[in-house]
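The values are calculated or read from the model by the stated rules, or taken from the named source; none is laboratory data. Just so you know, these numbers come straight off a predicted model, no measurement behind them. Positions of Cβ are backbone-derived with ideal geometry, glycine not excepted, and every protein chain shown enters the neighbour counts.
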Amino acid sequence: MSIFRLKPIEQVMDNKDNGGLCRTLTAFDLFLMGIGAIVGTGIFVITGVTAAEMSGPAVTLSYLIAGIACIFVALAYTEVASMIPTSGSVYAYAYVSLGEIVAWIIAWMTSLYLVVSASTVASGWSGYMISILKSANIEMPHMLTRGPFEGGLVNLPAMGITALVTLVLIRGTKESNNLNTILVFIKMLAIFLFIVIAIPSFDMSNWFHHYVDYNKSLFASSNFTPFGLEGVFAGAGLVFFGYNGFDALASTAEECKNPEKDLTKAILGSVIACMVLYMLVAGILVGIVPFNELNNASPLSYALSKIGSNLGSAIVGSGALTGMTTVILVQTYAQTRIFYVMSRDGLIPKIFSKVHPKFHTPHISTLTIGGCVMLISGLVPLTIMGSVASLGSLFSFVMVSIIMLVLRKKFPQIQRPFKCPTPYLVAGLAITLCSYLIYTLLLKVGVYFIVWLFIGISIYFLYVRKNIIWQSV
Ligand code: ALA
């Protein structure tokens with residue numbers, strides 16, 4: 001049996017029997033899930049660090065560059081996801097186009113990305129929570145707010161929020177979605193409030209006239225890009241994390257009422273909406289306080305306090321917590337569904353596709369993934385996790401762009417509810433931009449990535465090949 005054997009596309013597309021999952025999600029639910037999965041650390045935390053250390057007031061341009069790369073990827077993703085609506089997402093697309101071992105490797109790398117990404121956000125959540133408690137004069141013991149690599153014991157708030165999210169996900173997709181909807185509205189309200197409170201204090205001179213502590217010597221600059229264009233591009237690599245999550249929508253395919261049409265609207269709509277929102281917030285933020293003051297865990301709240309709105313600062317801080325909660329929720333959800341489909345195919349043990357008789361959710365998958373997110377967020381430092389997560393997502397995005405082109409060649413006759421315009425140009429640009437960002441990250445955390453890849457390939461030969469249960473027709 002070839003390690004490159006393909007799964008028949010008809011078999012993947014025929015998912016009418018979705019094993020007990022319920023089709024409850026509408027286009028609007030999906031759009032809100034997209035916003036839920038995307039808007040989090042990327043706007044509430046990363047904006048400040050990027051402005052202070054990399055892009056300067058041109059942080060808006062960094063969001064624009066990363067956003068354009070994401071739109072190219074989203075166009076390719078949308079074509080494939082609407083053509084093959086399955087919860088297996090990128091794993092399933094690779095199985096019909098590039099072969100079994102590639103599908104396994106992609107699934108393995110995507111697991112790393114989604115689990116580590118959710119853990120990163122849980123850790124960011126914990127940072128915000130700790131600083132909010134501190135401003136209310138409640139100090140948590142050092143040992144319970146940091147993992148062992150940072151001189152503590154465990155990051156308890158990060159583990160707590162993950163445990164809570166896992167329980168909600170087990171309780172049901174509709175219930176999780178209802179909670180997501182409420183939290184998304186709260187976080188959008190928080191962002192809206194930030195914009196309304198900040199605009200009267202907006203001062204264009206903050207964009208151009210400032211002091212820069214660059215190479216340890218303070219100098220006055222009247223430059224929009226104090227760290228040069230290089231800094232703007234490096235900033236784009238960092239803020240790319242802020243766009244991660246739209247791909248999670250593809251995993252809802254077997255629980256959508258009308259996956260072909262609705263996935264298209266939701267994936268493209270949420271990426272474009274987030275890009276506009278990010279640019280607006282980032283531009284306003286560096287217009288109300290000098291960019292070099294923003295290197296802290298809660299830059300939006302800080303900026304509002306600085307202009308004298310402590311109430312606004314507290315409200316936006318709470319909105320940030322709800323915002324990050326939805327990211328953990330949707331990313332954990334997506335990984336459980338990929339596990340579910342892999343288990344259905346026998347690539348991982350059957351127990352992971354067991355659906356709870358009452359809640360209709362894959363509870364064992366959910367407990368396992370939730371448990372991993374808890375452990376990682378409780379023990380590993382945030383800085384390492386963020387880069388590993390971005391590397392994993394970029395790898396998956398490059399693969400989807402390649403898969404779109406391969407599917408066009410192999411299955412030109414299959415109807416595509418959404419057709420990517422100028423596919424070679426779009427896929428080419430997506431692959432080039434993502435590969436450049438991969439290159440910058442590989443230098444930093446490549447070793448984790450390669451070790452994980454090696455473990456994945458070993459598991460394929462030792463376990464997966466012997467246990468695959470689907471039959472070729
Ligand atoms: N895009 C997600 C966030 O910014 C991962 O938190």
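Here is how the numbers come out for the structure above:
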{"quantity": "Residue within the stretch 363-383 that is over 27 Å from Val154 (Cα atoms) and either hydroxyl-bearing (Ser, Thr, Tyr) or at pLDDT below 90 (or both) present", "calculated": "no"}
{"quantity": "Residue within the stretch 21-33 that is within 16 Å of the ligand (Cβ to nearest atom), farther than 30 Å from Pro357 by Cβ and crowded, with 24+ Cβ neighbours inside 10 Å present", "calculated": "no"}
{"quantity": "Single residue of the stretch 440-473 satisfying the filter (hydroxyl-bearing (Ser, Thr, Tyr) and at pLDDT below 85) that is farthest from Met399 (Cα to Cα)", "calculated": "Ser472"}
{"quantity": "Near pairs, Cβ below 9 angstrom, 6+ apart or cross-chain, from the stretch 347-360 (closer than 18 Å to Thr166 by Cα) to any residue that is small (Gly, Ala, Ser) and modelled with pLDDT of 85 or more", "calculated": "Ile351/Ser343; Ile351/Ser365; Phe352/Ser343; Phe352/Ser365; Ser353/Ser343; Ser353/Ser365; Lys354/Ser343; Lys354/Ser365"}
{"quantity": "Residue within the stretch 112-121 that is out of contact with any strand residue (DSSP E or B) (no Cβ under 9 Å at 6 or more places or on another chain), more than 16 Å from the ligand (Cβ to nearest atom) and not polar (S, T, N, Q) present", "calculated": "no"}
{"quantity": "Subset of the stretch 74-102 that is closer than 12 Å to Phe418 by Cβ and of a type in the set (S, T, N, Q) - its residue that is surrounded by the most Cβ atoms within 10 Å (Cβ to Cβ)", "calculated": "Thr78"}
{"quantity": "Residue under evaluation Ala253, criteria (1) closer than 18 Å to Ile46 by Cβ; (2) away from the ligand (no atom under 15 Å from the Cβ); (3) under 20 Å from the mean Cα position of the chain (by Cα), criterion not met", "calculated": "(1)"}
{"quantity": "Pairs where the first residue, in the stretch 39-52, is within 15 Å of Val316 (Cα to Cα) and the second is within 12 Å of the ligand (Cβ to nearest atom) and hydroxyl-bearing (Ser, Thr, Tyr), C-beta under 6 Å, 6+ apart", "calculated": "Ile43/Tyr278"}
{"quantity": "Elements of type helices (runs of 4 or more DSSP H) in the stretch 41-138, at least 1 residues being over 30 Å from Leu462 (Cβ atoms) and in contact with a helix residue (DSSP H, G or I) (Cβ under 7 Å, 6 or more places away or on another chain)", "calculated": "41-44, 46-50, 59-83, 100-135"}
{"quantity": "Residue selected from the stretch 370-387 under the condition within 16 Å of the ligand (Cβ to nearest atom) and closer than 28 Å to Asn467 by Cβ, by the criterion surrounded by the most Cβ atoms within 10 Å (Cβ to Cβ)", "calculated": "Val373"}
{"quantity": "Close pairs (8 angstrom Cβ cut-off, 6 or more residues apart or separate chains): of a type in the set (Lys, Arg) in the stretch 176-188, not in a helix (DSSP H, G or I) anywhere", "calculated": "Lys187/Val39"}
{"quantity": "Top-ranked residue in the stretch 25-47 [being of a type outside the set (A, V, I, L, M, F, W, C) and touching a Ser or Thr at 6+ places or on another chain (Cβ under 6 Å); ranked as farthest from Phe246 (Cα to Cα)]", "calculated": "Gly36"}
{"quantity": "Verdict on Ile384 being in a helix (DSSP H, G or I) and over 20 Å from Gln331 (Cα atoms)", "calculated": "no"}
{"quantity": "Those residues of the stretch 297-318 which are closer than 14 Å to Trp125 by Cα, surrounded by fewer than 24 Cβ atoms within 10 Å (Cβ to Cβ) and at pLDDT 85 or above, in sequence order", "calculated": "Gly317, Ser318"}
{"quantity": "Residues of the stretch 389-439 satisfying the condition of being surrounded by fewer than 19 Cβ atoms within 10 Å (Cβ to Cβ) and hydroxyl-bearing (Ser, Thr, Tyr)", "calculated": "Thr422, Tyr424, Thr432, Ser435, Tyr436, Tyr439"}
{"quantity": "Which listed residue is hydrophobic (A, V, I, L, M, F, W, C), touching a Gly at 6+ places or on another chain (Cβ under 7 Å), in contact (Cβ under 8 Å) with a residue 60 or more places away in the chain and under 23 Å from Phe246 (Cβ atoms), from Leu321, Leu300, Leu382", "calculated": "Leu382"}
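Table: residues versus (1) under 30 Å from Phe149 (Cα atoms); (2) within 16 Å of the ligand (Cβ to nearest atom).
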| residue | (1), (2) |
| --- | --- |
| Met279 | no, yes |
| Leu285 | no, yes |
| Ile288 | no, no |
| Ser309 | no, no |
| Ser313 | no, no |
| Gly319 | yes, yes |
| Lys350 | no, no |
| Lys358 | no, no |
